[in-house]
Amino acid sequence: MTILVTGATANIGRMVVDQLLARGATDVRALTINPGKAALPDGVQVAKGHLGRPESLAAAFEGVDRMYLAPSPGTVGEVLAAARAAGVRHVVDLSGEPESWWGSVCNAVEGSGLDWTHLWPADFMENTLTWSQQIRESGVIREPNPDTASAPIAMNDIAAVAATALLTDGHVGRAHALAGPEILTRADLVAHLADALDRDITFRTSTRAETITALEPAMGDNTTWYVDNVLLDFAPPPQSLPTTSVEDITGHPATTFGHWARANAARFLAD
């Protein structure tokens, strides 16, 4: 049974490869646009191609039974049609609720005729890395809503769920809402980072314009969209948010933000 991991050199896709290998998978194929620079583990088949160019995927799909699908809203329909034609049976996709900005991926997967498992993640803990420059330069994080709360999840926990869904039964036709083990405000996240980095970091409530200016060096052209659609138009999660989902599926507790921050402290301080 060959398992194809798309986006295999991106953050989550690369972790999916590692999680599959850690669980004993021996027939893993990794899709990447540049095999020569992929630096994937020994034993992993490397296929050249890109989800944005469905015509490049024929060789990658050959002999594949299951696949992890990284989000590619613009071409997802063509990718899934090619996968089905090649004999792929089961897709584990990273997407979001039908009404979310990744909902088009979810809807396309359900309409493809393939068996499916959706992974619907909460905020990524790694998104706080957009604060790195502010932490290094001023120790002040500028955002509009200190009390906005969520249950952020580590990307590696998402990858662990993806690998579990690819290798074990009982996940077909299920949408796994994935969240971390605790609900934290934006100010809570800053406090955890201050503790992990052992330095003073404060949260300063800022206007939309101030927030865009502060984040733009790190986020570039995506900054305005992120501020308007995530920071200013964020719906707090309900109290029923399934913060035990990672442990329920994988058998291992989800990573706490405090643990993740300590493990990744050097990433916030590196230029």
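Being in contact with a helix residue (DSSP H, G or I) (Cβ under 9 Å, 6 or more places away or on another chain) and within 22 Å of C106 (Cβ to Cβ) is the requirement here; does D195 meet it? So D195 fails the test.
Out of M15, M67, one residue alone is under 18 Å from the mean Cα position of the chain (by Cα), under 16 Å from L167 (Cα atoms) and in a strand (DSSP E or B). It is M67. Pairs meeting the criteria (first residue in the stretch 31-55 and assigned by TED's automatic domain parsing to the domain that holds T75, second residue at pLDDT below 90 and not in a loop (DSSP other than H, G, I, E, B), beta carbons under 8 Å, at least 6 apart or on different chains) are V46/P35; A47/P35; K48/P35. For the stretch 103-152, residues that are crowded, with 17+ Cβ neighbours inside 10 Å, farther than 22 Å from A218 by Cβ, of a type outside the set (A, V, I, L, M) and under 18 Å from the mean Cα position of the chain (by Cα) total 6.
Among residues that are surrounded by fewer than 21 Cβ atoms within 10 Å (Cβ to Cβ), polar (S, T, N, Q), within 19 Å of the chain's Cα centre (by Cα) and not in a strand (DSSP E or B), T9 is included. Of all residues in the stretch 125-152, those being among the hydrophobic types (A, V, I, L, M, F, W, C) and free of Cβ contacts under 8 Å to residues at least 24 places away in the same chain number 0. Just one residue in the set T224, T255 is outside any strand (DSSP E or B), of a type in the set (S, T, N, Q) and over 22 Å from M155 (Cα atoms); that residue is T224.
Does at least one position in the stretch 126-142 carry a residue that is basic (K, R) and in contact with a Ser or Thr (Cβ under 6 Å, 6 or more places away or on another chain)? Checked the stretch 126-142: at least one residue is basic (K, R) and in contact with a Ser or Thr (Cβ under 6 Å, 6 or more places away or on another chain).
Let's see how each residue does on (1) under 26 Å from I3 (Cβ atoms); (2) touching a strand residue (DSSP E or B) at 6+ places or on another chain (Cβ under 6 Å):
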site: G113; (1), (2): yes, no
site: A149; (1), (2): no, yes
site: A187; (1), (2): no, yes
site: D200; (1), (2): no, no
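L21 - would you say it is outside any loop (DSSP other than H, G, I, E, B), within 20 Å of T168 (Cα to Cα) and in the same structural domain as V88 (by TED's automatic domain parsing)? Criteria met by L21. For A254, the conditions (1) surrounded by fewer than 13 Cβ atoms within 10 Å (Cβ to Cβ); (2) modelled with pLDDT of 90 or more all hold with the exception of (1). Scanning the stretch 39-64 for residues that are in a loop (DSSP other than H, G, I, E, B), under 23 Å from V105 (Cα atoms) and touching a Leu at 6+ places or on another chain (Cβ under 9 Å) yields G49, L51, L57. Could you check, for the stretch 180-190, whether at least one of its residues is among the aliphatic types (A, V, I, L, M), surrounded by fewer than 17 Cβ atoms within 10 Å (Cβ to Cβ) and closer than 24 Å to E137 by Cβ? No: the stretch 180-190 contains no residue that is among the aliphatic types (A, V, I, L, M), surrounded by fewer than 17 Cβ atoms within 10 Å (Cβ to Cβ) and closer than 24 Å to E137 by Cβ. Considering only residues that are without any contact (Cβ under 8 Å) to a residue 60 or more places away in the chain and surrounded by fewer than 15 Cβ atoms within 10 Å (Cβ to Cβ), look in the stretch 191-212 and name the one that is nearest to N264 (Cα to Cα). Among those that are without any contact (Cβ under 8 Å) to a residue 60 or more places away in the chain and surrounded by fewer than 15 Cβ atoms within 10 Å (Cβ to Cβ), it is D198. Note on the stretch 230-251: among residues that are of a type in the set (A, V, I, L, M, F, W, C) and at pLDDT 95 or above, the one that is farthest from A196 (Cα to Cα) is I249.
The values are calculated or read from the model by the stated rules, or taken from the named source; none is laboratory data. Computed from a predicted structure; not experimentally measured. Glycine also receives a Cβ, built like all others from the backbone with ideal geometry; neighbour counts cover every protein chain displayed.
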